[in-house]
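A.B. asks: Mind having a look at this structure? Questions to follow.
The values are calculated or read from the model by the stated rules, or taken from the named source; none is laboratory data. Bear in mind the structure is a predicted one, so any value in this text is a computation, not a measurement. Here Cβ is always computed from backbone atoms with ideal geometry, including for glycine, and neighbour counts include all displayed protein chains. Just the protein is used for accessible areas: all its heavy atoms, side chains included, with ligands, DNA and RNA removed. Shrake-Rupley method; radii C 1.70, N 1.55, O 1.52, S 1.80 Å.
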Amino acid sequence: MEWAARAIGVFYVLGGLMLLYQAWLNWRLQRALAGLVAIPVAEHVGDGVIVLAGVLVMLSGATLAALSGWAVAAFMAGWTVQALYLLWTDQASRMGEPEAFTCRRRSIHAFAGYTAATGLVLCLPMTGVLG
């Protein structure tokens, strides 16, 4: 069971790095387009939340890979930020655009996977895997 927990942890470290890379690309694109197009404040807030979620996902993966007891708190914090972000984007997004619908569906699928991993992490202290 320890090897599976470590593998899941490494997966989420890589996932967090991908989120941070995506935020970096968004910021570069926004900076390049700033003179041509007005960037809504909601876009800047969304990118900030993506950075926070990326850091929390990476931290949760690192603590799980290390089999640390802090993995429970890190996964719960990451889950909370992601849930709040999905609720916020539901209100702030332009759902009439087909690409917005596709991205939203992918985000929900990723959140479902993170929810399953969080549930697993919540069970690991009872099995003695997390110290």
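A.B. asks: Output yes when any residue across segment 25-44 is surrounded by 13 or more Cβ atoms within 10 Å (Cβ to Cβ), β-branched (V, I, T) and touching a Phe, Trp or Tyr at 6+ places or on another chain (Cβ under 7 Å), and no when none is.
C.D. replies: Checked against the condition, which is being surrounded by 13 or more Cβ atoms within 10 Å (Cβ to Cβ), β-branched (V, I, T) and touching a Phe, Trp or Tyr at 6+ places or on another chain (Cβ under 7 Å), segment 25-44 yields no hits at all.
A.B. asks: Looking for whichever is open to solvent by 30 Å² or more (accessible area, probe 1.4 Å), in a helix (DSSP H, G or I) and in contact with a Ser or Thr (Cβ under 8 Å, 6 or more places away or on another chain) here; the options are M58, M76. Which one fits?
C.D. replies: M76
A.B. asks: To continue, here is another question. Residue by residue through segment 95-126, note down the ones that are surrounded by 13 or more Cβ atoms within 10 Å (Cβ to Cβ) and charged (D, E, K, R).
C.D. replies: R104, the sole residue that qualifies.
Here's the yes/no breakdown for (1) assigned to a helix (DSSP H, G or I); (2) out of contact with any strand residue (DSSP E or B) (no Cβ under 6 Å at 6 or more places or on another chain); (3) farther than 24 Å from S68 by Cα; (4) free of Cβ contacts under 8 Å to residues at least 40 places away in the same chain:
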position: G15; (1), (2), (3), (4): yes, yes, no, no
position: A23; (1), (2), (3), (4): yes, yes, yes, yes
position: V37; (1), (2), (3), (4): no, yes, yes, yes
position: V45; (1), (2), (3), (4): yes, yes, yes, yes
